[in-house]
Amino acid sequence: MSASSNSGAFRIKGAGRLTPARTARFTFDGKSYTALEGDTVAAALLAHGVHLLGRSFKYHRPRGILTAGPEEPNALLDVSRDAARRQPNVRATVQEVFDGAKISSQNRWPSLKYDIGAANDVLSPFFAVGFYYKTFMWPKEAWAKIYEPIIRRSAGLGVSPTEEDPDHYASRYVHCDVLIAGAGVAGLTAALSAAATGKKIILVDEQPEVGGALHYDASTTIDGQNGYDWAQATAAKLKAMPNVTVLTRTTVFGYYNHGFLGLVERITDHVAKPTKDAPRERLWQVRTKKVILATGSIERHMVFANNDRPGIMLASAARSFLNHHGVTVGHNVGVYTAHDSAYEAAFDLKRAGVSIAAIVDSRDKPGEAVLAEARKLGIDVLTGHAVVDTSGRLRINSMTVARNGNFDRRKIKVDALIVSAGWTPSVHLFSQSRGKLKFDEANQRFVPDVYAQNSVSAGGCNGTDNLAELIDEAITAGGGRIALSGENRFEWTGGMIGAAEGAGPDHAVKAFVDFQHDVTAKDIRLAVREGMHSIEHIKRFTTNGMASDQGKLSNMHGLAIASEMLGRPIPQVGLTTFRAPYTPVTYGTLINHSRGELFDPARKTPMHALEEAEGAEFEDVGNWKRAWYFPKRGEDMHTAVSRECKTVRDVAGIFDASTLGKIEVVGPDAAQFLNLLYTNAWDTLKPGKCRYGIMTREDGFIYDDGVVGRLAEDRFHVTTTTGGAPRVLNHMEDYLQTEFPHLKVWLTSTTEQWAVIAVQGPKAREIIEPFVEGQDLSNEAFPHMSVAECTVMGVPARLFRVSFTGEVGFEINVPADYGAAVWKAIWERAQSMGACLYGTETMHILRAEKGYLIVGQDTDGTVTPDDAGYGWAVSKKKTDFVGIRGLKRPDLVREGRKQLVGLMTKDPKEVLEEGGQIVADPNQPKPMTMLGHVTSSYWSENLGRSIAIALVAGGRSRMGETLYVPMADKTIAVEVTDMVFFDKEGGRING
Amino acid sequence: MAELDSNIATRSLPLSGVHGGSAAVRLEPAQPAERINLRVGAEDVSALSAALGLDLPVKPKTSSSANGRTALWIGPDEWLVFADGGGSIGSSLTQAAASSNVVHSATDISHRNTAILVSGPGAAATLNAGCALDLSLDAFPIGACSRTLFGKVEIVLLRTAENTFRVEVWRSFSDYAFGLLSEGARDAAL
Amino acid sequence: MLLIHCPYCEEDRSELEFRWAGEAHVVRPENIAAISDEEFAEFFFLRNNEKGLTYERWRHIHGCGRFFNAARDTVSDRFLMTYKAGLPKQPLPVAEKFAAIAEEKSVETWEQTEGDAR
């Protein structure tokens, strides 16, 4: 057996551009086949005479290969390399065969040849467009149990892979002067021209090699050279230029604002054994000064009865398979066309020894040159005829032909039928760039009109058919001075849109417009009759053009049929909007590196590893990983937290407060600036002292809080909540830059400059004393709310005497790189004294025992300082601060606002649920009047009971009242108390 | 107490011991550096320049180096100044700035930032895995610098040579930055 | 993705580095504590949200950090002009004005395509 027969009986010796010796094995539906390297799956299967590739979406009709490119609506397959590398809905016309590929058909059960779903085809009267809008309406209960499961099972194509994607995907931003989309004659010529100017050029083509239409068009010569060979030589020349990048297997999938384009480069999908480092795909995010669109045009199919059988395909596709892959689509091929281009396909096939049953041309007058050539080759041409039907269950075996307007029919045996209704300019990217199209009445097509960005269209996508004009246009688009000549054998004429003869309104036949969604000409007419008069409605009602091919073949036909039904010219019916992506893009490419550890930054404090070694459990706070609690062996969370809570108050605890936001406010006007940003007064704060500050927005609601230390007259160390750090700095910068730019003050984020080790508890002072130099820690010298710059373990430190526990507390700030060493030393000593490490959970409980607020938990953006019980923090003397006016709004000063209060459950063991609603009378009729909700609730080991904080309407006037928290299974009685549960006198904080 | 006095804290660097890269790019943590965030009004730039011993750049996206110190233009009144091989506390820079005797803000950020050096023929492509800036030599020549984004984190990028960049990043974002640079380096070598 | 000209960095930079910051030229009253409820509502709550030409604030937050003003066409998303914070509302350069109008005519808006599908 020769190599060519190995790679398929329909491979024609001497035809095509592939190397017969280089083969690849793959399986389709379990059966093994040999392909040639460079074959698409479609070409390889056709080479073996396999035309049946899948079942259609709605009617489960047998379907084959319609195109030879990315516009393919039909031949969608499941391609896998191994269990995890499985991709559904892969276009057989795009996927290149690689050795070892396992490929299977989709949307069929139990097998491709016998598919039970095909009953839908027989039952199709029940599945007319919009059927699910109308059919599944009643009874309501049937939705969840009957209709929805059926629809879900039958909807969708292919099966999602279940395993995690083992591939990786790359991403690259790139800038250039000119991006050229498409490397056919126009794109290559434009690239040569643009490259000659010395500008930075990126030339992109979605096929494995450049050439575009030259893949099929074997009769064009450029500069006296065979067109395809010229294309490859030109690409090589361009690649050698330092200012040019040529990307093949790369799709420009989106053209966005300001010269920004998204490209996906397919790197390993065609490779049998990819290297470990190679990404499967690479996302290119291109910013370019100019775009040259050379995207060519897409051939349309003819819309006639039963035009969807396997074996029926576009003429240009058949020509590609022959001229590029050396594969014939049949031995006895029929042609049905309204355009000259299909003739050339017939000529090529005929010369390759394939019998042409007949060329059926809907036109009375085809181009004279092609007609003459057909006669010369002895091909039977039936002008003014139509193919009105086809037969063949799993593959076409005949076409039925009739003279236009005549009822006499005759069957002609064929084993393939190639069709062409003409060419649609690919204006997708132009349209995505927000350019405006115009309708070219003479040629029945939309072409670019008004450009919204710096781009230019050249060649087929611009409606330029003549080769010489196309070359001129491309040279001009590129902006360089080059000379190039091209010659093709035939000038093409013709083209039609809409239903062909025999598929008009008076024919009840299935003439498919959209293959993937099984939309027929009849369906579009029905939609119009049902009252859809806008193309946008027709599209949604019929789903024409809404499949993954986005109607690349079907849109113009659908539009023409609608226009005819509506009796309105096409421009008035309108065109649906083209949207990115041009072809489907994998999620892997879109997210590229953002997965696993790189999904989001995990911020860790300098002490993280030490905490981990001590067994800490961590919780996420923003992007930070914060030590949550430190369970000892055998402890659950509750036990660990209770122990931590108790130990802190009995001995001491050490807490990592590094994540608190820190902002250094420096300048002679620093105090004045803080006066404007916080409700408190800061000019009265002496250097060396701290104050708790509340920040409101202009509307008077609490925005953030924190302790602010004054280090010097002109230098403050401001702390914010962990989660609030970035937005508080933004808020401060906003006011500083735009409202108070006259102030001499600057802000610097120092959150990460300092590692912060909080030591809290009766023994806190004793624990840290030996490490501190340069500061007397006694109550007298360094009372609560003091700050000092001193030395800790030989390192310059900022020491705060602050407490978020109600105990004696210090926060040691050391430069972050020293955090771990200082923490380690302090913890060693503290441990020997019986202290513990504690995490955020214990911190929350201890502060709640003292009634300290957590912004964002106890407040929700509608709470004023007074509502929170912090009215004292609002300066009465200041004439301005952010929020001063908002706080005077009538609603903010009225009686009965929700206020923060304490709640104690009547049953001390009962711990309320945070978010629980509060009512005065649990027996009132529903809907009950809600008085507020629980904002914080914990078990307090120190008090031996539960405690809670809640926002309650008129809360502070309800002290001692009994209120109720109704839950699903019970109602919990609570007493309203003040917020301080522990050490009400506050003596402990001073030691 | 006496025995504790000798117990001087040792420094642990973020990214310590980390290295990476590919055939086209070398990734390595930079040596610790003294750094300040310097803020000063236009009228006092020359006084600070004199005090620091280098001309603070006033043109966007530019830097200047002298006397072992480098100043990066960050914003119209903001500079990142660093000194290689600096001590732990940024004192030399803040003291130098203070000697200007003009109103300014110099805040020590030596430990807030850490830096990663990206070098090799694939350096720009590595950074462009997550950085949207045009890093061609025309648009981002040697000495160019900018605060920008790298993937999901903010960085300050400085080109120190045709194929060498310094990436300044907040310490808690450095693992992410290094990880994304490693991915970029892998791809840049293909 | 938009390109935004930062008036401080003096070049076009990717939208990624910027953050929108609301309508521009809303002046915080100097005597804010004394203004009426109506004046406060006007200042703080009420925004024009105009279609077409709008003046808004942006911050080059991941660049130079500066707030600035921009004139943007919300129909086409085109930035017509940017200028430094603190400057009064700038008139559009004439060429930009024409481009803006042409754009409005040529660009398909939601109303033009989908919104009129009555």
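Charge dipole of region A:497-587 (Cα centre as origin; +1 on each Lys and Arg Cβ, -1 on each Asp and Glu Cβ, all else neutral): 180 debye, rounded to the nearest 20. Over all other residues within a Cβ to Cβ distance under 13 Å of A:GLU985, the charged ones net out to +1, with Lys and Arg as +1 and Asp and Glu as -1. For region A:497-587, the equivalent ellipsoid built from the Cα gyration tensor has semi-axes of 22, 15, 11 Å, listed from largest to smallest.
The equivalent ellipsoid of region A:3-122 has semi-axes of 25, 15, 13 Å, largest first, where each one is the square root of 5 times an eigenvalue of the Cα gyration tensor. As an exercise, use a Förster radius of 30 Å and the Cβ-Cβ distance of A:THR962 and A:THR639 to find the FRET efficiency, rounded to the nearest 0.05. So the FRET efficiency works out to roughly 0.40. Assuming charge only on the beta carbon of Lys and Arg (+1) and of Asp and Glu (-1), the dipole of the protein assembly as shown about its Cα centre is about 3020 debye to the nearest 20.
Modelled spin labels at B:SER46 and A:THR929, positioned 7 Å past Cα toward Cβ, are 7.3 nm from each other.
For the set A:LYS878/C:LYS84; A:LYS31/A:LYS113; A:LYS365/A:LYS438, the pairs lying more than 19 angstrom apart at their alpha carbons are A:LYS878/C:LYS84; A:LYS365/A:LYS438.
Look at the dipole of the protein assembly as shown built from charges on Cβ: of A:PRO279, C:LEU3, A:ILE570, the Cα furthest out on the positive end belongs to A:ILE570.
Mind running the shape call on region A:781-925? Use the C-alpha gyration tensor, a ≥ b ≥ c as the square roots of the eigenvalues: rounded below 1.5 for a/c, prolate if a/b tops b/c, oblate otherwise. Cα axes put region A:781-925 in the oblate bin.
Per-residue shielding of A:751-763, expressed as the average number of other chain Cβ atoms within 10 Å of the residue Cβ, stands at 3. Measuring between their Cα centroids, region A:880-954 and region A:524-545 lie 55 Å from each other. Taking all C-alpha pairs of region B:125-190, those more than 18 Å from each other amount to 30 percent. For region A:175-307, a/c is less than 1.5, where a ≥ b ≥ c are the root eigenvalues of the C-alpha gyration tensor. That puts it in the rounded class. Measuring r between the beta carbons of A:GLU975 and A:GLU789 and using R0 = 56 Å, the FRET efficiency lands at 0.75.
Using every Cα-Cα pair within region A:895-991, state what percent have a distance larger than 23 Å. Across region A:895-991, Cα pairs with separations above 23 Å total 23 percent.
Listed by chain and number, the lysines placed with their C-alpha closer than 16 angstrom to that of A:LYS436 are C:LYS105; residues fewer than eight positions away on the same chain are left out.
Taking 0.36 nm per residue of separation and subtracting the current Cα-Cα distance, fully stretching the chain between A:ARG697 and A:THR27 would add 234.6 nm. Projecting the Cα positions of A:THR220, A:GLY869, A:THR245 onto the charge dipole of chain A (unit charges on Cβ atoms of Lys, Arg, Asp and Glu, taken about the Cα centre) puts A:THR220 furthest along the positive direction. With a cut-off of 19 Å, note down the residues of region A:558-582 whose backbone N falls inside the zone around a label point 7 Å from the Cα of A:SER548 toward its beta carbon. Answer for this model: A:579-582.
Using only the Cα atoms of region C:3-107, each taken as one equal point scatterer with no solvent, compute I(q) by the Debye sum, divide by I(0), and report log10 of the ratio at q = 0.13, 0.18, 0.23 Å⁻¹. Values returned for q = 0.13, 0.18, 0.23 Å⁻¹ are -0.54, -0.92, -1.23.
B:VAL58 label point, 7 Å along Cα→Cβ, cut-off 19 Å on backbone N: hits in region B:96-124? Within reach of a label on B:VAL58, which here means backbone N under 19 Å from a point 7 Å along Cα→Cβ, region B:96-124 contributes B:100-105. Between B:ALA66 and A:VAL621, the distance separating the two model label sites (each 7 Å from Cα on the Cα→Cβ line) works out to 4.5 nm. The P(r) of chain B has a tail past 32 Å containing 18 percent of all C-alpha pairs.
Between the helical axis of A:725-734 and the longest alpha-carbon principal axis of chain A there is an angle of about 90 degrees.
Across all directions, the shadow cast by the convex hull of region A:533-669 built on its C-alpha atoms averages 19.5 square nanometres. Each label point was placed 7 Å from the Cα along the Cα-to-Cβ direction; for A:ALA483 and A:ASP177 their separation is 2.4 nm. Convex hull of alpha carbon positions in chain A: directionally averaged projected area 50.7 nm².
Partner aspartates and glutamates whose Cα lies under 17 Å from the Cα of A:LYS686, excluding those fewer than 8 positions away in the same chain, are identified as A:GLU664, A:ASP669, A:GLU713, A:ASP714, A:GLU780, A:GLU789. The calculated FRET efficiency for the pair A:ALA613 and B:VAL18, based on their C-beta separation and a Förster distance of 30 Å, comes to about 0.95. Would you mind calculating the relative contact order of region A:497-587 from Cα pairs under 8 angstrom and at least 6 residues apart, reporting the percent as a whole number? About 28 percent, as a whole number. Calculated mean residue ellipticity, 222 nm, the protein assembly as shown: -5500 deg cm²/dmol, from DSSP H runs (n ≥ 4) at -39500 (n - 2.57) each, averaged per residue and rounded to 500. Rounded if a/c is under 1.5, else prolate if a/b beats b/c, else oblate: with a ≥ b ≥ c from the C-alpha gyration tensor eigenvalues square-rooted, which is region A:408-487? The shape class here is oblate.
Here, each number is a calculation from the coordinates, and none is a lab measurement. Keep in mind the model is a prediction, meaning the values are calculated, not measured. Note that we place each Cβ from the backbone using ideal geometry, even for glycine, and neighbour counts take in every protein chain shown.
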